[in-house]
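We did not get these values from a lab; they are worked out from the coordinates using the rules stated. What you are looking at is a predicted structure, and each value in this text was computed from that prediction instead of being measured. With ideal geometry, Cβ positions are generated from the backbone for all residues, glycine too; neighbour counts draw on all protein chains shown.
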Amino acid sequence: MTLELANVLFAATAAVYLAASVLFVGELGGHLLAAARWAPRLVALGVPLHAAQIVVWSMVLHVCPVEGIHFALSVASMFVCFVYAIARLRFRVDVVGAFVAPQALAFLLASRFVGPVDDEPRLRSAILPFHVASSLLGIALFTLAFAAAVGYLLQEHRLKNKNLARIQRLPPIDALDRAEHRFLVAGFPLLTIGILTGTIWAREIEAGSLPGIARAVLSYASWALIGGVLLLRAAAGWRGRRAAVGAILGFGLAMLVLAFYLVRSLVGGVHA
Amino acid sequence: MIIVVVGLSHRTAPVELRERLVAGADALPAVLARLAGREELAEVMFLSTCNRVEVVALVHGEGALDQGLAAIREELARHGGAASGDQLAPYLYEKRGDEAVRHVFRVAASLDSMVLGEPQILGQVKDAYDAAVAAGALRGTLGRCVSRAFALAKRVRTETAIGAGTVSISSVAVELARRIFVDLDERVVLLLGAGEMAEAAARSLGKGARALRICNRSFDRAAVLAREMQAAAVPWEGLEAELVQADVVVASTASARPVVTRDMVRRAMKARRGRSLLFVDIAVPRNVEPEVHAIDNVYVYNVDDLEEEVGRGMKARHAEVDAAEAIVADEVAQFLVWTRGLEVQPTVVALRAKARAVLFSELERSLGGRLKHLAEGDRAALTQMVESGVNKLLHGPTTKLKARAAERDDAGDLAAAVRFLFDLEEAAAVQQAARGEGETARDDDERLPN
């Protein structure tokens with residue numbers, strides 16, 4: 001019964017995210033303009049379905065949702081959609097959903113079909129839930145900052161090229177800049193907590209492998225980069241294109257860190 | 001009853017003449033009262049915009065058509081200060097019947113506007129309608145025609161892209177600013193120059209802005225314009241400092257060389273801490289150095305950039321004209337079916353009234369004589385039988401008459417034949433008078449699809 005429910009919820013969530021993705025992509029391409037206004041609402045509808053799917057699926061597998069990296073990414077993508085559904089009302093940056101919906105769909109599918117569920121007792125620690133939760137929420141916010149930054153660069157390119165026919169499909173460039181900044185500001189403390197707890201956790205399990213050191217270096221680099229972007233904006237008025245590029249690079253480094261986890265999970269290597 | 005339109009527009013008359021005939025809110029009631037007072041006109045509406053002045057009226061049939069048109073010409077001439085209607089004649093157009101209905105519908109749908117698809121005309125027609133209703137000059141058929149025009153205009157805007165895109169420099173500039181700033185009403189607009197072009201652009205951009213500032217080489221001229229536009233005049237020497245405060249700069253000075261340089265904007269952007277800055281440079285020669293556009297978070301659009309978008313918008317709207325005209329044709333056809341139905345309605349009502357009167361009179365006579373012995377129940381049954389007989393007998397003729405009116409425009413002849421055969425002229429006249437008061441029109445309103 002629980003398995004059937006999990007399957008139904010999985011199919012419904014995937015269908016909703018897929019529909020939203022199609023509408024967003026269609027809108028960006030100048031099609032489906034009338035129907036595209038439903039796309040952000042579909043993402044919002046996907047959040048409770050996704051959450052229910054995670055809970056039921058974790059009951060089926062008898063694991064905590066944040067313990068496996070694929071599962072955890074699905075949780076992170078659900079956080080992304082949740083924050084998007086709330087933030088879009090304030091920042092009026094619906095277009096960010098064009099990135100949010102496909103990534104949520106991709107991580108949802110990955111949680112089900114790719115890789116094993118990670119359950120190594122050796123890696124369990126009291127600090128692990130704090131590390132995973134803050135990292136996931138931080139990644140969710142950086143994902144949104146990344147999407148807003150990409151939207152910013154796209155809109156800026158159109159404005160600089162005087163492509164007036166196409167600028168109307170994206171939100172005001174200031175809205176994208178502001179949204180990107182707010183997402184970074186909100187995500188930075190979480191990233192900081194994630195890195196601190198990650199460092200303590202690594203010490204606890206006495207890990208010191210080369211991939212672990214590389215991952216730690218990348219984590220510190222992404223923290224320094226995003227911190228630098230925020231500092232320069234506050235101190236020297238760095239905004240717009242430079243801030244957008246900084247946000248994209250910071251997100252890229254954070255993704256590299258995640259890639260280390262994914263590779264470790266796939267090859268069954270030793271953490272940290 | 002025939003609907004007529006007499007008027008002039010940007011297509012037929014120069015602005016010098018149009019402005020003489022424009023009736024503002026204060027003059028409109030008097031003009032309407034004079035027109036409504038003309039016995040040749042059953043209903044009337046006076047539409048006055050900067051591009052057109054028209055009288056839309058309902059005249060009492062073909063026989064009164066010439067007198068009705070002459071009356072309107074006369075009142076227009078009087079209103080415009082002309083000695084006679086003949087002086088205006090070369091500039092006036094006259095539409096009657098189907099053509100007049102189509103004209104009213106096209107005007108409301110903005111198909112006859114100087115800027116195709118502009119939305120203001122519908123509001124202006126609504127104002128004219130409200131004024132005419134308030135003056136008691138619109139009651140039945142013409143009122144229905146104009147209210148149908150509103151529904152049609154809405155339909156055209158919904159079903160076609162006639163109102164899409166931006167088709168004026170000012171509206172393109174506003175749209176551009178909206179794509180940069182999320183909260184345009186919190187922004188400061190700076191006007192460089194105080195000429196007519198600057199004024200027009202600033203009226204659009206400054207309307208929703210937090211503050212409008214005017215900077216001109218001649219401070220006095222800036223101060224005059226600032227007073228007109230409830231703005232603040234600033235000295236020319238303070239231009240660079242103003243660039244730090246402003247978010248949108250509309251430049252239109254007559255300077256032969258750029259007045260805003262790259263170095264100036266670079267310094268301003270440092271002080272602005274990178275906040276976005278938009279230049280709308282509508283001056284020729286340009287007022288803003290083109291290199292300014294390369295600075296981060298600064299956008300410079302000149303008149304060519306904006307006109308390109310205007311051209312695109314106009315082209316897109318013109319592509320929608322055929323679809324819009326098809327909707328107009330459809331709505332005109334529906335309205336004409338309704339009005340032709342009105343033509344035969346008095347005859348139908350009179351025919352039924354006469355049949356009932358004759359049969360019930362005979363029934364009364366019988367019930368008072370040979371059938372006096374009948375019980376109350378039997379009398380009621382007999383009355384019901386006569387009522388039912390009238391309905392069944394007249395159902396066929398009245399349905400056919402109405403159907404004929406819906407399909408063809410010769411139903412009036414058929415109705416006249418019915419009136420002649422059943423001697424209904426007097427009864428029909430009574431009904432016609434009642435319809436003039438809008439009673440019958442209201443009954444029939446329900447038959448016209450909304």
### Query
With the contact rule set at Cα under 8 Å and sequence spacing of 6 or more, what percent relative contact order holds for chain B?
13
### Task
Taking the Cβ of each residue in B:270, A:160, B:392 as the centre, tally the other Cβ atoms inside 10 Å and list the residues starting with the fewest.
B:392, B:270, A:160
### Message
Please list, short to long, the whole-number percent of alpha-carbon pairs of segment A:138-179 in consecutive 10 angstrom bins beginning at zero.
### Response
32, 49, 16, 3
#### Entry: Förster radius 22 Å - calculated FRET efficiency between residue B:200 and residue B:220, Cβ distance, rounded to 0.05
0.60
### Query
If you take the beta carbon distance between residue A:163 and residue B:94 as r and set R0 to 51 Å, what does 1/(1 + (r/R0)^6) give as a FRET efficiency, to the nearest 0.05?
0.60
### Query
Pairs B:207/B:270; A:162/B:270; A:160/B:270; A:160/B:154: which exceed 26 Å Cα-Cα?
B:207/B:270; A:160/B:154
### Query
Taking the Cα centre of each part, how many Å lie between segment B:252-283 and segment B:113-190?
34
### Task
Would you mind calculating the relative contact order of chain A from Cα pairs under 8 angstrom and at least 6 residues apart, reporting the percent as a whole number?
19
### Task
For segment B:1-100, build the convex hull from the C-alpha positions and give me its volume per residue in Å³.
86
### Query
When only alpha-carbon atoms count, how far does the protein assembly as shown stretch along each of its three principal axes, as whole angstroms with the largest first?
121, 83, 36
### Other-chain or far-sequence residues with amide H under 5 Å of residue B:232's (modelled H)
B:212, B:213, B:214
### Message
If I model a spin label as a point 7 Å beyond the Cα along the Cα-Cβ vector, how far apart are those points for residue B:33 and residue B:134 in nm?
### Response
1.4
### Query
Relative contact order for segment A:125-272 using alpha-carbon pairs under 8 Å, separation at least 6, rounded to a whole percent?
33
### Message
What distance in nm separates the two pseudo spin-label positions at residue B:237 and residue A:92, each 7 Å out from Cα along the beta-carbon direction?
### Response
4.0
### Query
If we count other beta carbons within 10 Å of each Cβ, what is the order of B:422, A:91, fewest first?
B:422, A:91
### Highest average packing first - A:18-25, B:245-252, B:33-40, Cβ atoms within 10 Å
B:245-252, A:18-25, B:33-40
### Message
Quick check of the Kirkwood formula: for chain A, what is the inverse mean of 1/r over all pairs of different Cα atoms, in Å?
### Response
19.3
### Message
If you fit an axis through the alpha-carbon atoms of helix B:321-368 and take the longest principal axis of the Cα set of chain B, what angle between them do you get, 0 to 90°, nearest 10?
### Response
20
### Task
Would you calculate, for the protein assembly as shown, the mean residue ellipticity at 222 nm contributed by helices, counting each DSSP H stretch of 4 or more residues as -39,500 (n - 2.57) and dividing by all residues, to the nearest 500?
-22000 deg cm²/dmol
### Summary
With segment B:169-316 reduced to its Cα atoms and the Debye formula applied, log10 I(q)/I(0) at q = 0.18, 0.19 1/Å amounts to -1.01, -1.14
### Query
Once a ≥ b ≥ c are taken as the square roots of the eigenvalues of the Cα gyration tensor of segment B:42-86, is the result rounded (a/c under 1.5), prolate (a/b larger than b/c) or oblate (a/b not larger than b/c)?
oblate
### Summary
Scalar couplings 3J(HN,Hα) for segment B:204-210 by Karplus 6.51 cos²θ - 1.76 cosθ + 1.60 (θ = phi - 60°), nearest whole Hz, x for Gly and Pro, are 6, 6, x, 4, x, 7, 5
### Query
If R0 is 56 Å, what FRET efficiency do you get for residue A:2 and residue A:221 from their C-beta distance, rounded to 0.05?
0.85
### Message
For segment A:125-272, what does the convex hull of the Cα positions come to per residue, in cubic angstrom?
### Response
114
### Most fluctuating residue given options B:380, B:254, B:164, as computed from a GNM of chain B linking Cα atoms under 10 Å
B:380
### Query
Along segment B:117-128, what does the Karplus equation 6.51 cos²θ - 1.76 cosθ + 1.60 (θ = phi - 60°) give for ³J(HN,Hα), rounded to whole Hz, x for Gly and Pro?
x, 5, x, 5, 4, 5, x, 5, 5, 4, 4, 4
### Query
Tell me, what HN-Hα J-couplings in whole Hz come from the Karplus equation 6.51 cos²θ - 1.76 cosθ + 1.60 at θ = phi - 60° for each residue of segment B:55-70, using x for Gly and Pro?
10, 10, 9, 10, 10, 7, x, 4, x, 9, 4, 5, 5, x, 5, 5
### Query
Of B:400, B:126, how do they rank once you tally other Cβ atoms within 10 Å and put the fewest first?
B:400, B:126
### Query
Comparing B:256, B:128, B:64, which has the greatest mean-square fluctuation in the GNM of chain B with Cα pairs linked when under 10 Å apart?
B:256
## Note on the structure
Summed over the other residues with a beta carbon less than 9 angstrom from that of residue B:34, with K and R at +1 and D and E at -1, the charge totals +1
### Query
Near residue B:354, which lysines are there with a Cα under 16 Å away, not counting those fewer than 8 places off in the same chain?
B:392
### Two-site label geometry, residue B:291 and residue A:255: point separation in nm, points 7 Å out along Cα→Cβ
3.7
### Query
Sorted from largest down, what three extents in whole angstroms do the Cα atoms of chain B have along their principal axes?
113, 51, 36
#### Entry: Percent antiparallel among DSSP beta bridges (both partners in the protein assembly as shown, rounded to 5)
45
